[in-house]
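Presented below is the structure to which this report refers.
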Amino acid sequence: QVQLVESGGGLVQAGGSLRLSCAASGSSFSINSMGWYRQAPGKQRELVAHISSGGSTNYADSVKGRSAISRDNAKSTVYLQMNSLKPEDTAVYYCHVFYSRLGNYWGQGTQVTVSS
């Protein structure tokens, strides 16, 4: 079965950096796109960053210029580098993977807390 293992979350001070990782395993089917979403208490889940099979990326306006998404296809892993973190970035971050033949899968989430 597909398993998405997220890591890299934690508590950081404003202005600090984190790199989130999500490793997919358990399936031989190819991965189409991968991305990161986040959800803060009382708010809807929102897209943070997305990367396609061809490597094209897009970002939420709130993180543009200070975040970078990348992927290692050989390791079936997606990363999210976040710099200049703000308290507003505090949320649970979820990894998302779309398999071309299996559909959508979500990680269990990793907490990112940014203190001022």
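Of all residues in the stretch 39-92, those satisfying the criterion of being in a loop (DSSP other than H, G, I, E, B) and of a type outside the set (Gly, Ala, Ser) are 41, 43, 44, 45, 61, 63, 64, 66, 83, 85, 86, 90.
Does residue 66 satisfy the condition of being in contact (Cβ under 8 Å) with a residue 40 or more places away in the chain and among the charged types (D, E, K, R)? No, not satisfied. Tell me, which residue of the stretch 69-78 that is more than 17 Å from residue 18 (Cβ to Cβ) and surrounded by 15 or more Cβ atoms within 10 Å (Cβ to Cβ) is nearest to the chain's Cα centre (by Cα)? The extreme case among them is 71.
Is at least one residue of the stretch 93-114 in a loop (DSSP other than H, G, I, E, B), basic (Lys, Arg) and surrounded by 14 or more Cβ atoms within 10 Å (Cβ to Cβ)? No, the stretch 93-114 contains no residue that is in a loop (DSSP other than H, G, I, E, B), basic (Lys, Arg) and surrounded by 14 or more Cβ atoms within 10 Å (Cβ to Cβ).
Restricting to the stretch 1-35, name every residue that is crowded, with 16+ Cβ neighbours inside 10 Å and hydroxyl-bearing (Ser, Thr, Tyr). Within the stretch 1-35, 21, 27, 33 qualify. Of all the residues in the stretch 43-54, those that are modelled with pLDDT of 95 or more and either over 14 Å from residue 80 (Cβ atoms) or surrounded by fewer than 20 Cβ atoms within 10 Å (Cβ to Cβ) (or both) number 7.
Exactly one residue out of 66, 38 is open to solvent by less than 50 Å² (accessible area, probe 1.4 Å), within 21 Å of residue 3 (Cα to Cα), modelled with pLDDT of 95 or more and of a type in the set (D, E, K, R), and it is 38.
The values are calculated or read from the model by the stated rules, or taken from the named source; none is laboratory data. Source: prediction; values computed, not measured. Cβ coordinates were reconstructed from backbone atoms using ideal geometry, including for glycine residues, and neighbour counts include every protein chain displayed. The protein model used for the area step is the full one, side chains on, heavy atoms only, and it has no ligands, DNA or RNA in it. Shrake-Rupley method; radii C 1.70, N 1.55, O 1.52, S 1.80 Å.
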